[in-house]
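The values are calculated or read from the model by the stated rules, or taken from the named source; none is laboratory data. Predicted, not measured: the structure shown is a model, and the values here were computed from it. Cβ placement follows ideal geometry from the backbone for every residue including glycine, while neighbour counts extend to all protein chains displayed. Note: accessible area is taken over every heavy atom of the protein model, side chains too, but ligands, DNA and RNA are not part of it. Shrake-Rupley method; radii C 1.70, N 1.55, O 1.52, S 1.80 Å.
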Amino acid sequence: IPVLPRTSPFFTGRNKEINFIPENLEENGLVWLYGTGGIGKSTIVRNYIHRKKSEYDIVIYLEFNNSIISTFTDDRQLKISTVRKSPEESRQEYFSRKLETLKVICSDRDVLFVVDNFEGLITQEFSELINNGRDTLVVSRRTPPENSFISLEVTAISEPEDIFRLISLNLGRGLSNREKESFSEIIRLVEGHTLVLELIARQIKSENISVQEALELIEENGFSKFSDEKISNYKDNSEIYDTLSDI
């Protein structure tokens with residue numbers, strides 16, 4: 001019973017990354033995407049899922065939660081009809097039983113298996129789990145072990161027009177040439193970090209200040225002290241309402 005992730009309405013660009021995934025899945029079966037928090041890894045993968053889901057019989061999407069065993073045995077994340085943990089079973093026992101059922105289901109089907117926000121170690125349970133997919137995507141903040149998987153580091157968006165489009169989507173309007181000049185300096189100051197730029201644009205919209213004023217505040221205080229005004233951010237199925245700094 002699939003539980004697929006929501007996609008961001010502000011997705012733009014990332015053609016290199018989107019093209020890298022199928023090219024390397026076809027040859028290697030597993031692609032590991034890594035990079036700093038908030039740079040856009042999960043957004044890329046979630047949009048890839050929604051673009052390609054019709055090409056698979058089954059799409060399994062899991063958000064890593066403490067360990068592979070606790071993640072896989074969470075029936076809210078992965079529902080298998082008629083399979084539930086019994087009170088007398090340990091998590092390890094239920095993991096093994098649920099995995100055996102999944103193997104039967106996936107044995108003759110095309111499966112895309114995704115583990116998002118993975119922060120654990122490559123354990124036997126991890127390997128057993130991901131082997132059920134024809135194609136597997138792992139998303140993590142850390143690089144994979146040496147000589148293990150084909151990987152791609154997700155960095156800041158490189159194409160200026162893609163960055164300005166992302167900013168405009170979050171700002172709720174287009175940018176003038178003068179505003180683009182000011183935002184170019186903001187982009188340099190925050191090293192093009194995707195989430196920071198989105199939040200700055202939302203902050204400008206929320207406080208109804210000019211882009212030039214925002215630039216002056218960032219030059220004076222840095223983006224972490226940009227404003228005490230709270231704004232919302234939706235990530236990993238939860239809404240955060242806080243200052244840019246705390247987000």
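Just a few scattered comments:
- Most mobile of THR136, THR73, THR123 in a GNM of the chain (Cα contacts under 10 Å): THR123
- Percent antiparallel among DSSP beta bridges (both partners in the chain, rounded to 5): 25 percent
- For the chain, the 222 nm mean residue ellipticity estimated from helices alone, with every DSSP H stretch of n ≥ 4 adding -39500 (n - 2.57) and the total spread over all residues, rounds to -13000 deg cm²/dmol.
- For GLU220 and SER158, the FRET efficiency from 1/(1 + (r/R0)^6), where r spans their Cβ atoms and R0 equals 30 Å, is about 0.60.
- Dipole axis of segment 124-219 (+1 Lys, Arg; -1 Asp, Glu on Cβ), positive-most option in ILE187, SER206, PHE149: SER206
- Full-extension gain in nm, THR143 to ILE247, via 0.36 nm per residue minus C-alpha separation: 35.1 nm
- Cα gyration tensor, segment 158-205 - rounded (a/c under 1.5), prolate or oblate: rounded
- Between helix 211-221 and the chain there is an angle of about 80 degrees, using the helix long axis and the longest principal axis of the Cα atoms.
- Taking SER86, SER127, SER206 in turn, the Gaussian network model of the chain (Cα-Cα springs below 10 Å) assigns the largest fluctuation to SER86.
- Cross-link reach is defined here as a Cα-Cα straight distance under 17 Å, omitting same-chain residues fewer than 8 places apart; for LYS85 the aspartates and glutamates meeting it are ASP74, ASP75, GLU93, GLU100.
- For segment 3-89, a simple Cβ point-charge model (Lys and Arg +1, Asp and Glu -1, everything else neutral) yields a dipole of about 420 debye relative to the Cα centre.
- Residue-normalised convex hull volume from the C-alpha trace of segment 1-53: 103 Å³ per residue.
- Links that overshoot a 31 Å alpha carbon limit, given the list LYS53/LYS205; LYS41/LYS79; LYS53/LYS230; LYS52/LYS225; LYS180/LYS230: LYS53/LYS205; LYS53/LYS230; LYS52/LYS225
- Mean shadow area of the chain, taken as a quarter of the surface of its Cα convex hull (nm²): 14.8 nm²
- Three-way shape label, segment 38-100, alpha-carbon gyration tensor, a/c 1.5: oblate
- Of all the options SER176, SER70, SER227, the one that moves most in a Gaussian network model of the chain with Cα springs shorter than 10 angstrom is SER176.
- Surface analysis of segment 91-220 yields an accessible area of 51 Å² per residue, using protein heavy atoms and a 1.4 Å probe.
- For segment 155-247, a simple Cβ point-charge model (Lys and Arg +1, Asp and Glu -1, everything else neutral) yields a dipole of about 260 debye relative to the Cα centre.
- Taking max minus min of the alpha-carbon positions on each principal axis, segment 98-142 gives extents of 32, 19, 12 Å, largest first.
- Computed Kirkwood radius, in angstrom, where 1/r is averaged over Cα pairs of segment 10-135: 15.7 Å
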